[in-house]
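Have a look at the structure below, then the notes.
Please treat every number below as a calculation from the coordinates, not as lab data. From a predicted model like this one, the values you see are computed outputs, not experimental measurements. Backbone-built Cβ (ideal geometry, glycine too); neighbour counts: all protein chains shown.
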Ligand code: ATP
């Protein structure tokens, strides 16, 4: 099985991910399985940080969003109502020359995987007509595998939120406008998984459905609907906002989130879908794109979906999805703004953004390449590396273990006593660890009382070092990593 190595930079990132235990090919010992990836020890921490930060900023830090954790397999009628059974397809075609199978809309981007010599890069062989290919994975529920028992692995987490809308409203004292957030696995039988984890067949989504009043209700209640001003953040939510301002608000909130974890606006782009591109029910859809080494591609989509989803479930289930709005003294099916992000694509973007190679020259004049992952401290898998200067001095080791135990309950720290201090710094630079703490003879007070109980705190990006009392270490580092 080939590993995608579409650009030299991606090749380096893919290789670092494997070497340092960020991302492995799934089932590698059996030759791998295309479109499936596993997160190793560092990758698991990185991805967990990403999901936790999303959850914190989208639910815990807000009074108007609650969470949900629904099943992957749901009643198949959910996917009938949502339109996925009938229309969640990609156009697929076969190349008669190389026998490769492609997405018709990507035919010019994908090198022929089978016989590049025949089809060269543009896959110039004779093609079949494109035909729709449904991306949902099917399975059977119960012991009998027939058509009556077909079920689907969810291709998105969003539908469970719509299906549970009524239960959340009835159980949680939420009032519109409010949102329901969910993080979880989604599955799509992508025709051509590629670009490392960017297009996988199993991945994780982080989705919010934010329910709002229909504009007519806002208009009736407030005598008008606030208009979208010039560019920029529309500010704090107001009762007279309609879908346009809520949509803009969420686009800006999401970009701020990305900035807060180390993806600067300059690495991002917005793509506003044209009227012709929009789904028939959607009022607007913005893709937030990241400038990946293989091209500027979607990280997240933010759609204003009207009342399409709840109305569909109302129709197919026969259960009212109306909400009684006490303030407006009326009933309606709420409209929705949907910021929908992928955790794996975000992890990949963070890895690409963080990856740096630098030439360093040591005191003997030897030049080496230093690989650094400049993760924002909030998402870094390991926050602090703890190093006793020498491993064969029990006092140094004991003090280092003491520092380790002091920091450990508050953050992920890594204790390392193997090899020269330079090598240990280099290993942590490559893992993206923002801080290093070295315990030396000064810490033990062997060179006088002034530096006793202090350690060297090293900053990964500047390589600057400072002396910090052990008693102040936690207070110094914690605000920077949380
Ligand atoms: P694309 O056009 O790239 O296939 P999409 O528009 O179908 O993506 P959505 O259905 O809007 O994607 O899904 C929301 C988010 O889920 C995407 O922005 C992306 O981050 C993530 N996502 C979707 N498909 C995949 C996939 N195959 N692998 C990894 N992440 C995915």
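Listed values, structure above:
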| item | result |
| --- | --- |
| Relative compactness, the stretch 382-481, computed as alpha-carbon Rg over 2.2 N^0.38 Å | 0.97 |
| Shape parameters for the stretch 162-254, alpha-carbon atoms, Rg then Dmax in Å | 17.5, 51 |
| Pairwise FRET efficiency - residue 48 versus residue 356, Cβ, R0 = 22 Å, nearest 0.05 | 0.40 |
| Sequence of 58, 10, 411 once ranked by neighbouring C-beta atoms within 10 Å, starting from the fewest | 411, 10, 58 |
| Order of 219, 84 - criterion: other Cβ atoms within 10 Å of each residue's Cβ, fewest first | 219, 84 |
| Cα shape, the stretch 299-380, gyration tensor, a/c 1.5 rule | prolate |
| Alpha-carbon centroid distance for the pair the stretch 340-375 / the stretch 452-482, whole angstrom | 22 Å |
| C-alpha long axis of helix 470-481 to longest principal axis of the chain, angle in ° | 30 degrees |
| Within the chain, helix-based [θ] at 222 nm, where runs of 4 or more DSSP H residues each add -39,500 (n - 2.57), nearest 500 | -8500 deg cm²/dmol |
| Where labels lie 7 Å past Cα in the beta-carbon direction, separation of residue 279 and residue 447 in nm | 6.4 nm |
| Cα centroid separation, the stretch 10-77 to the stretch 261-300 (Å) | 21 Å |
| The stretch 421-437-the stretch 305-329 distance, computed between alpha-carbon centres (Å) | 54 Å |
| Rounded if a/c under 1.5, otherwise prolate or oblate - the stretch 191-341, Cα gyration tensor axes | oblate |
| Spin-label model distance (nm) - residue 459 vs residue 227, 7 Å beyond Cα toward Cβ | 4.7 nm |
| Helix 343-354 axis, angle to the chain major axis (alpha carbon atoms, nearest 10°) | 40 degrees |
| Gyration tensor verdict on the chain (Cα atoms; rounded if a/c is under 1.5, prolate if a/b is larger than b/c, oblate otherwise) | oblate |
| Tilt relative to the chain, helix 394-407 - C-alpha long axis, 0 to 90 degrees, to 10 | 30 degrees |
| Relative contact order (%) - criterion: Cα under 8 Å, at least six apart; region: the stretch 382-481 | 27 percent |
| Cβ crowding within 10 Å averaged over residues, with 396-407, 64-75 ranked highest first | 396-407, 64-75 |
